[in-house]
Amino acid sequence: MILKELISNVALLIASLFVYSQSTHAIPLSRSSTMKTKIVSGILAGILANVLMQYSMHFDTTIVDLRHIPVILVAYYGGPVPALASMFLVIIGRFFIGFNTSSMLALLLIVSITLFTLTITKLNMSKRKKIFLTLTSSNVIFTFMIVYLLENPGTLSFLIPSFWIISYMAGFISFYVIEFVRRSQNMLNKYKAEAATDGLTGLNNVRKFDESFNKIAAQAVHNEEKLSLLYIDIDHFKKVNDTYGHKEGDQVLIELSRILKNTVRSFDIVSRNGGEEFTVILLDCPTDRAMEISERIRERVESHPFLLTTGQMIHITVSIGLACYNETTIQPKLLIKEADHALYDAKQTGRNKVCITSGREWVSHRA
């Protein structure tokens, strides 16, 4: 019966922790969490501890369960605030079950475990040692309390080792579940970022560009806003790679990405669509304003000395194609095609210029 109830505690505890960790992966509890996050985490831990008490083992007026594990967890990860919040809820829940010598000792037990955990987390030792020391201290405190309350040697000889084994198992598994979910989520977030980011420049890649463009274009139609798109290509970039090598060409791409980010507005979206081709989505931006930004980009690139790893300085130029929804086209899905055509025209008519497309009419600009 003792093992059955303790194992039920473990199963309920692990399931609850897994659900909690999955639902809070965006803002996991830590000592740097907001006060709101700490308080909510402490309350949830207190509620879980009270649920565990409902599946406790009864020995006269004494009940045995794993209510201390949620308190240990929030104390370890979140510090004093969530620890104290959960501790008070555990105390209140225990007094609702009964007010007697056993409940008073239970109060002393949970307070001692909380304080010991908070103290141990500040020690200069490895995470594994802290966890082991925390669980061991809680088991020792429990042992003193249960020996004082129960006088039956037969019950104690089975209960104490069983509790120690189950408590260790529940504690280690609980920490493992939380760490496993956090590591998995961090890896997933990393893979998501890598799938949407150009590895060389840190800009959005073509996949993220397509996703952002489709979303923003739909919003522009719904809000009846103007939306401009720039297609940017480095002039004669092949010569840079052939003359100085691909490593130096990569340096040029990295530096150009910085210029683009620093030249456009903070909310505009810059992407590297492949090779030496870049795009800029200019939100709520009419053609005239987009032309000003395009010319500023062109001029800054033309006047900027690009420093290679060899210490040599070189200069490059860019050609830019521009299209604007609600001005050069009435269909946002044609923006990409028209901006690409405008870029082609800029390349064919001399490079180092900005071209705008309006239907079949082409207008070229050069400072």
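The values are calculated or read from the model by the stated rules, or taken from the named source; none is laboratory data. Here the structure is a predicted model, which is why all the values come from computation and not from measurement. Every residue, glycine among them, receives a Cβ derived from its backbone with ideal geometry; neighbour counts consider all protein chains shown. Each accessible area value is taken on the protein alone, full model and side chains, heavy atoms only, with ligands, DNA and RNA left out. Shrake-Rupley method; radii C 1.70, N 1.55, O 1.52, S 1.80 Å.
Collect the residues in the stretch 302-334 that are under 30 Å from G245 (Cβ atoms) and buried (at least 23 other Cβ atoms within 10 Å of the Cβ), keeping them in residue-number order. Walk me through it before giving the result.
To start, the set of residues in the stretch 302-334 that are under 30 Å from G245 (Cβ atoms) comprises 302-321.
Hits for the stretch 302-334 are V318, S319, I320, G321.
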Scanning for something open to solvent by less than 60 Å² (accessible area, probe 1.4 Å) and in contact with a Pro (Cβ under 8 Å, 6 or more places away or on another chain), does the stretch 232-242 turn up at least one residue?
-> no
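From E295, E299, E277, grab the single residue that is under 24 Å from E211 (Cα atoms), more than 27 Å from the chain's Cα centre (by Cα), open to solvent by 10 Å² or more (accessible area, probe 1.4 Å) and modelled with pLDDT of 95 or more.
Values: E295 fails: under 24 Å from E211 (Cα atoms); E299 fails: under 24 Å from E211 (Cα atoms).
On inspection, the qualifying residue turns out to be E277.
If you go through the stretch 280-292 one residue at a time, how many are out of contact with any Lys or Arg (no Cβ under 9 Å at 6 or more places or on another chain) and open to solvent by 40 Å² or more (accessible area, probe 1.4 Å)?
Filtering the stretch 280-292 for residues out of contact with any Lys or Arg (no Cβ under 9 Å at 6 or more places or on another chain) gives 280-281, 288, 291-292.
Imposing the further condition that a residue be open to solvent by 40 Å² or more (accessible area, probe 1.4 Å) reduces the set to 288, 292.
Qualifying residue count, the stretch 280-292: 2.
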Just one of V10, V64 is surrounded by 19 or more Cβ atoms within 10 Å (Cβ to Cβ), modelled with pLDDT under 85 and within 20 Å of F175 (Cα to Cα); which is it?
-> V10
Which pairs do you get when a residue that is within 12 Å of L149 (Cα to Cα) and part of a loop (DSSP other than H, G, I, E, B), found in the stretch 54-68, comes within reach of a residue that is at pLDDT 70 or above and of a type in the set (G, A, S), reach meaning Cβ atoms under 6 angstrom, with the pair 6+ apart or on two chains?
-> T61/S102
Would you mind stating whether V147 is touching a residue at least 40 places away in the same chain (Cβ under 8 Å) and among the β-branched types (V, I, T)?
-> no
Please tell me if A346 is among the small types (G, A, S), in contact (Cβ under 8 Å) with a residue 12 or more places away in the chain and assigned to a helix (DSSP H, G or I).
-> yes
Among the residues of the stretch 245-259, count how many are in contact (Cβ under 8 Å) with a residue 40 or more places away in the chain and closer than 20 Å to S303 by Cα.
-> 10
For the stretch 257-272, indicate whether the set of residues that are touching an Asp or Glu at 6+ places or on another chain (Cβ under 9 Å), surrounded by fewer than 21 Cβ atoms within 10 Å (Cβ to Cβ), more than 22 Å from Q219 (Cα to Cα) and of a type in the set (G, A, S) is non-empty.
-> yes
Within the stretch 122-224, which helices (runs of 4 or more DSSP H) (wholly inside it) include 3 or more residues that are within 30 Å of F18 (Cα to Cα)?
-> 127-149, 153-196
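One line per residue, one yes/no per condition, for (1) small (G, A, S); (2) closer than 23 Å to R207 by Cα; (3) over 33 Å from the mean Cα position of the chain (by Cα):
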position: L230; (1), (2), (3): no, yes, no
position: I234; (1), (2), (3): no, yes, yes
position: D242; (1), (2), (3): no, no, yes
position: K247; (1), (2), (3): no, no, no
position: E255; (1), (2), (3): no, yes, no
position: N262; (1), (2), (3): no, yes, no
position: S266; (1), (2), (3): yes, yes, no
position: R289; (1), (2), (3): no, no, yes
(1) farther than 20 Å from D340 by Cα; (2) open to solvent by 40 Å² or more (accessible area, probe 1.4 Å); (3) not charged (D, E, K, R): which one isn't true of N214, the others all being true?
-> (1)
Applying the selection to the stretch 118-176, what residues are open to solvent by less than 70 Å² (accessible area, probe 1.4 Å), hydroxyl-bearing (S, T, Y) and either under 28 Å from the mean Cα position of the chain (by Cα) or closer than 27 Å to T101 by Cβ (or both)?
-> T121, S126, T134, T136, S137, S138, T143, T155, S162, S167, S174
